[in-house]
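The values are calculated or read from the model by the stated rules, or taken from the named source; none is laboratory data. Worth saying up front: this structure is predicted, and the values here are computed from it rather than measured. No Cβ is skipped: glycine too gets one built from the backbone with ideal geometry, and neighbour counts run over all protein chains shown.
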Amino acid sequence: MILEQLIFGILVVAVVVLLLPVLLVMAGVAAATLFWFAAFAALLGAWVFWLVFPGTYGVAVLLLALLVGLLLIDRRSRHGAYW
């Protein structure tokens with residue numbers, strides 16, 4: 001009985017030690033991919049806005065800056081770090 005529990009404990013530790021770095025790397029890659037798509041979507045939206053309203057390029061840049069700022073504030077408020 002003790003030997004079975006010892007082997008089970010060793011297997012659990014081995015799985016955690018071997019899989020945890022892989023899971024952390026996968027989470028980092030997923031976060032980077034999502035950030036890439038979010039940045040690409042924001043730039044694409046600004047480009048389409050500029051094509052539809054060519055005289056208001058400054059407004060498109062302003063809206064993009066406001067969007068990025070709001071996303072940063074939202075992220076900081078979720079983590080509890082307010083300034």
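Pairs linking a residue in the range 46-69 that is closer than 23 Å to Phe35 by Cα to a residue that is modelled with pLDDT under 80 and not in a helix (DSSP H, G or I), with Cβ atoms under 8 Å and 6 or more positions apart or on different chains, are Ala60/Phe53.
For (1) basic (Lys, Arg); (2) under 20 Å from Leu71 (Cβ atoms); (3) loosely packed, with under 10 Cβ neighbours inside 10 Å, each residue gets a yes or a no:
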{"position": "Met1", "(1), (2), (3)": "no, no, yes"}
{"position": "Val13", "(1), (2), (3)": "no, no, no"}
{"position": "Ala38", "(1), (2), (3)": "no, yes, no"}
{"position": "Gly45", "(1), (2), (3)": "no, yes, no"}
